[in-house]
Amino acid sequence: AQTVTQSQPEMSVQEAETVTLSCTYDTSENNYYLFWYKQPPSRQMILVIRQEAYKQQNATENRFSVNFQKAAKSFSLKISDSQLGDTAMYFCAFMKQEYGNKLVFGAGTILRVKS
Amino acid sequence: ETGVTQTPRHLVMGMTNKKSLKCEQHLGHNAMYWYKQSAKKPLELMFVYSLEERVENNSVPSRFSPECPNSSHLFLHLHTLQPEDSALYLCASSQDGGNEQFFGPGTRLTVL
């Protein structure tokens, strides 16, 4: 069974600075997907960024980028130029290629952006 | 309405009550999901429906009963719940094939 570990329960960052959230996972699969989801205090979970395991290039979405290390089974999220609106719970998630698209989530990291 | 909607947003029920949670997706997706989010625990996948067929039932107690009448609607029927079932219940949908899941706002359930 796959597991996802987020070792940082809480993180803080000053506005405009950069922060990195850690995620490691355990799987014997070779083809899979990794995601970072954001859940602001309003509770609506939204996708931040997505990475296909077969792609060596790290995914980037504006201020958000990942450092995907397949051999190390590591998938960290870097947020540049942090904004107050980035304050949220961030979840790392794993999905293997199979019928049903089942996500396995980590426990989450609470990120607080301070002004 | 756009995206994934859930009703009610808040629900308080006694252990002997019967209630239902409703989820509707307006995205044309063919898969829908129920998750349970408890404090200080990872999101737990409860049920998966793909093309209106249940493909996953993660050892969920029988007091939770899902129903998927069509690809746009998903229900979670609740009966004789326990206080430990109090949680945020999230619905999600996706297009099968490794794509992202879109989540609803959740139903905050409190069992007294």
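Quick note: the coordinates plus some simple rules give every number you see, no bench work behind them. All of these numbers come straight from a predicted model, not from anything done at the bench. Note that each Cβ is placed from the backbone with ideal geometry, even for glycine, and that neighbours are counted across all protein chains shown.
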P(r) of segment A:10-94 in 10 Å steps, Cα pairs, percent per bin?
17, 51, 27, 5
Selection of trypsin sites (Lys or Arg not before Pro), segment B:39-108, meeting DSSP coil and at most 16 other Cβ within 10 Å:
B:Lys40, B:Arg63
What spacing in nm lies between the two simple spin-label points modelled at A:Phe64 and B:His79, each 7 Å away from Cα in the Cβ direction?
4.1
How big is chain B on each of its three principal axes, counting only the C-alpha atoms and giving the largest first in Å?
38, 30, 29
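Counting only other chains, what is the mean number of Cβ atoms within 10 angstrom of the Cβ of each residue in peptide A:47-54? Spell out each step's value before the answer.
Numbers: counts 5, 0, 1, 3, 0, 1, 0, 0.
Partner-chain Cβ atoms within 10 Å, mean over residues of A:47-54: 1.
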Coil-residue GluC sites (Glu not before Pro) of segment A:1-104, DSSP, other Cβ within 10 Å capped at 13:
A:Glu15, A:Glu17, A:Glu29, A:Glu98
Quick one: which residues, 5 or more positions from B:Ser20 or on another chain, have an amide H under 5 Å from its amide H? H modelled 1.01 Å from N in the peptide plane, none for Pro or chain starts.
B:Leu78
Hydrodynamic radius by Kirkwood, which averages 1/r over all alpha carbon pairs of the protein assembly as shown, in angstrom:
18.2
Dividing the convex hull volume of the alpha carbon atoms of segment B:36-102 by its residue count, what do you get in Å³ per residue?
100
Convert each backbone phi in segment B:62-73 into a coupling constant with the Karplus relation 6.51 cos²θ - 1.76 cosθ + 1.60 (shift: θ = phi - 60°), then list the ³J(HN,Hα) values in order as whole Hz, x for Gly and Pro.
5, 5, 9, 10, x, 8, 10, x, 7, 5, 9, 10
With charges only on Cβ, +1 for K and R and -1 for D and E, what is the dipole size of segment A:1-54 about its Cα centre, in debye, rounded to 20?
200
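If you take all C-alpha pairs in segment B:19-67, what percent of them are over 15 Å apart? Before the final figure, lay out the partial values.
Values: 602 of 1176 pairs.
The share of Cα pairs beyond 15 Å in segment B:19-67 comes to 51 percent.
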Take B:Thr5 and A:Ala71, extend 7 Å from each Cα along the Cα→Cβ direction, and tell me the distance between the two endpoints in nm.
5.1
Dipole of segment A:1-108 (Lys/Arg Cβ +1, Asp/Glu Cβ -1, origin at the Cα centre): which of A:Asn101, A:Ser12, A:Gly85 lies farthest to the positive side?
A:Asn101
Along segment A:7-21, what does the Karplus equation 6.51 cos²θ - 1.76 cosθ + 1.60 (θ = phi - 60°) give for ³J(HN,Hα), rounded to whole Hz, x for Gly and Pro?
7, 10, x, 9, 9, 10, 8, 7, 3, 6, 8, 10, 9, 10, 9
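Within chain A, what is the longest stretch that has no chymotrypsin sites (Phe, Trp or Tyr not before Pro) placed in a DSSP loop and near at most 16 other beta-carbon atoms within 10 Å? Kindly include the intermediate steps, with their values, before the conclusion.
Values: sites that count: A:Tyr54, A:Tyr99.
Result, exposed sites excluded: A:1-53.
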